[in-house]
1. Enter the buried accessible area of the B/A pair, total of both sides, probe 1.4 Å, in Å² rounded to the nearest 100.
2. Calculate one ³J(HN,Hα) per residue across the stretch B:66-73 by plugging θ = phi - 60° into the Karplus curve 6.51 cos²θ - 1.76 cosθ + 1.60, and present them in order as whole Hz with x for glycine and proline.
3. Suppose every K and R has +1 on its Cβ and every D and E has -1 on its Cβ; what is the size of the dipole of the stretch B:98-148 about the Cα centre, in Debye to the nearest 20?
4. Working from the pairwise distances between different alpha carbons, so that the mean of 1/r is found and then inverted, what is chain B's Kirkwood radius in Å?
5. Determine, at each q value in 0.30 (inverse angstroms), the log₁₀ of I(q)/I(0) that the Debye formula gives when each Cα of the stretch B:98-148 is one equal point scatterer.
6. Report the trypsin sites (Lys or Arg not before Pro) located in the stretch A:1-84 that are in a DSSP loop and have at most 10 other Cβ atoms inside 10 Å of their Cβ, or state none.
7. Output the relative contact order of the stretch B:77-201, whole-number percent, from Cα pairs under 8 angstrom with separation of 6+ residues.
8. Quick check: pseudo-label points 7 Å beyond the Cα along Cα→Cβ at residue A:57 and residue A:189, how many nm apart are they?
Protein chains: 2
Amino acid sequence: MNPQYAEFLAAYRVIARLAEVGALLSWDQETCMPPNAVSDRAEQGSTIATEIHAKITDPAFAGLVNGLLQDASLSDEERVNVREAKRDIDKAINVPVSLVERLSQAATFAHEAWKKARAAGDFSLFKDHLQLLIDLKKEEAVCMGHGNRPYACFLDDHEPGCTEAELDRLFTPLRERLPPLIREITRVKRRLRKGFYSHDFSEAAQKGLCEYISDEMGVPRDRSRLDTAVHPFSTSFGQNDVRRTVRYKTNNPFESLYSAMHENGHALYDLNIAPALAQTPAGSAISLGIHESQSRFWENIVGRSRAFFEAYLPDMRRFFKKQLNGLGPADLYALANEVKVSYIRTEADEVTYNMHVILRYDIERALFDGSLALKDAPAEWNRLFEQYLSLKVDRISNGILQDVHWSGASFGYFPTYALGTMAAAQLAAACDKACGGLDTVIREKRLAAIREWLTGNVHRFGRLKTAAQVLRDATGDSLNPEAFFSYIEKKYAGLYGL
Amino acid sequence: MNPQYAEFLAAYRVIARLAEVGALLSWDQETCMPPNAVSDRAEQGSTIATEIHAKITDPAFAGLVNGLLQDASLSDEERVNVREAKRDIDKAINVPVSLVERLSQAATFAHEAWKKARAAGDFSLFKDHLQLLIDLKKEEAVCMGHGNRPYACFLDDHEPGCTEAELDRLFTPLRERLPPLIREITRVKRRLRKGFYSHDFSEAAQKGLCEYISDEMGVPRDRSRLDTAVHPFSTSFGQNDVRRTVRYKTNNPFESLYSAMHENGHALYDLNIAPALAQTPAGSAISLGIHESQSRFWENIVGRSRAFFEAYLPDMRRFFKKQLNGLGPADLYALANEVKVSYIRTEADEVTYNMHVILRYDIERALFDGSLALKDAPAEWNRLFEQYLSLKVDRISNGILQDVHWSGASFGYFPTYALGTMAAAQLAAACDKACGGLDTVIREKRLAAIREWLTGNVHRFGRLKTAAQVLRDATGDSLNPEAFFSYIEKKYAGLYGL
């Protein structure tokens, strides 16, 4: 190996380890930390962030990377590592620390203001904070050389290579075809065994079921653990330590089960990136959209399939004998796939979910390209919500104040949820062909076959392939909403007798 | 404030925060981490250790500290901070990183060898590893300018200011007076309600009792948490985040209760150092001996007192109604204070414990001053064990291979346990006078009075006073074994009718 390249990898390894330590600080804060330690933890986190920033912007490191960018002898893999490190350096050098700090501080205040505004149902309490975040994010885009198209800059942060034009191509069919489907479905009255939710599902039994399903999915217990957190998430501190969290509601075992399957999907991606890539720039997920495709695949396409209940109902009865008495796979399949338009994105079903996302995308993009003024945004939210989801917004806390992301200056993030949903369906269609029928595989409880296909076609590459290349190589097509429509139309036609 | 001093404090604060992060890595490893992540964790830990080392040895930092050492305008408190930082710098600069790494590596191998040797009952499997650790520690002492007296160097690491002469003064009376007391006690047959240990004490109920007693002792739930670990310990990540661990045996509620009280004693020290000292060199415990005095005070002097059972037996019944049926305070007091000579230091009672410690001290000191050859150490262990504890060592795994410390290159550590035991008794005698009788205070469940006295006389000073000053100011005397003898002779005369 080129000695400069070896030196580069060693330097990057330290940065990667520090990032893992930073992730542990966050995980512990959400799962274990005593409440009064918040300000200590903030300072510990910022100490680590400062160390990472210093190492990324160290002129010696930048010199190494710039030298390697000119080095024609590097392999493709080496080139990817150098390119990804260059992205980190550019971002760290181009965005001044003072702006990073102003953004972080503004987001802290904006988050508090958002909570108050939502409680009071008063957008004016949040508006100026949101405006400041928008202004600071525009300033950041200028620093990154995207002054004329700030939104493209944020999109690239979360979904490298994705453009607004690409989103137009993908989202236009969703805007056209989902709202009529939603109207059609919500007209049908379905008989559901709702008495199910009046049972008591103990936390211990739910945890048992989550652990059992995690074993079935192939999440190794010696490289992972499952904890409780208010907002379920998955994080990793290296390829042998992936932490997943869920929360438990004692009247509903689906929430923890599907959180676990969702987070397991994320975890399997992180766990199965090629070990040789560990602690290199290429050793992490290529994009949020691809990451989300993994969680959606397991949560929805596997976990909410009829075959899943046919296969796993006997196992579920081991944990919930009394509660599942008299229910068959068809009953659980119907319960787990109830379509119900609501105001809350995070509780939305597979059919309505994407329209929640596109609405947020439409508004945030318009705020950045100047076609929508912030003062008009609440009304625009309500107008689009009714258009997309056939429901009138009843109050502003269910409208523009519903979601937390903007209060944290997360712009360009929402679209990745819809990209992940579409990619999941497209990967599922390819996996279905490759493994001789997903339904059969699930019914025979051979989930390892699915995991192995995903590892072989997605996980192992890390950042060695772009998101577009991953999809093209795995499915023979670029990202295309048709697989999603075909999946959802067939599934819900059956469920709702359309 | 002197601007150089402010700059020094800011630089030290970063070092302190990194050390807290390092402590979180260790805590997580003992409580949460999946087993396969060990090597990832080792690398994360060494990344943080390397960062800390780089900051401590940064010439700019050393320049600041050296300048401040000459600054006559500093207050006493400021002077302590500068002096303690200077100790850290000297150690970091004088001991080459390569030696630190060789020691760490040798200890890793030695620990594995010790486990094998103990399992096989064969000292020869461990001997060369132990010799290497001794040689490397001698090398370290030379680097620190203690080439002629290596043991004094290690002693100073754990108990600053303590000398071998001081240990001779303190340990000689223990060597003379404890063995006859042990012989006397073990001749007496006591009637104990041993059926007690055949009950099942659920882990959940034990945890409930531990949390209840922690509340009584004033360990704040919003600044602390209690977890499970194989080897109970306490650690802190700043003054608002102290983690304690215990382990549960379902046939014995004393083990978790006294572990909790022991670790709470450590935790209260860390939690109650004056907040203004946080993240400064003076903001941590002055010595291991003083730290241990706090855990012993709560575990033994409070928790194993007759008054404790008189006060808390009704509360214990809330957790163990059936198991405690028919037992009175005197029964539990007798059970909790059973004296039984065993080979295992960590399971030893108050009377025999110190002799386990002194035996280890005698041997390790002799190994370093050259008066004992390693090949003769097993026989010397057995000879001293019988002399000190009136029991013949039955096998080498209960002899020189019993304890883990030497396999981790921890020399000079054992004496602090005995110092802590003696200091606890001396502090208790002073606290008894100050608060109008410890027994009364405990019987009336006014544990806050004890905690407040300890905070006022020990905790709050951090490193502002030396260990010797703390004791002198709190008790009017330097460390003196008489309080320990007086406590132990009175207590066990009563228990054993001597």
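The values are calculated or read from the model by the stated rules, or taken from the named source; none is laboratory data. Bear in mind the structure is a predicted one, so any value in this text is a computation, not a measurement. Cβ: placed from backbone, ideal geometry, glycine included. Neighbour counts: every protein chain shown. Note: accessible area is taken over every heavy atom of the protein model, side chains too, but ligands, DNA and RNA are not part of it. Shrake-Rupley method; radii C 1.70, N 1.55, O 1.52, S 1.80 Å.
1. Working: alone 21620 and 21590 Å², together 40310 Å².
Chain pair B/A: roughly 2900 Å² of buried accessible area.
2. So the Karplus estimates, Gly and Pro as x, are 4, x, 5, 4, 8, 8, 6, 7 Hz.
3. Here the stretch B:98-148 has a charge dipole of around 180 debye.
4. This gives a value of 24.1 Å.
5. Rounded to two decimals, the profile gives -1.04.
6. none
7. Numbers: 51 pairs, mean separation 19.9, N = 125.
Once divided by the residue count of the stretch B:77-201, the mean separation gives 16 percent.
8. 6.4 nm
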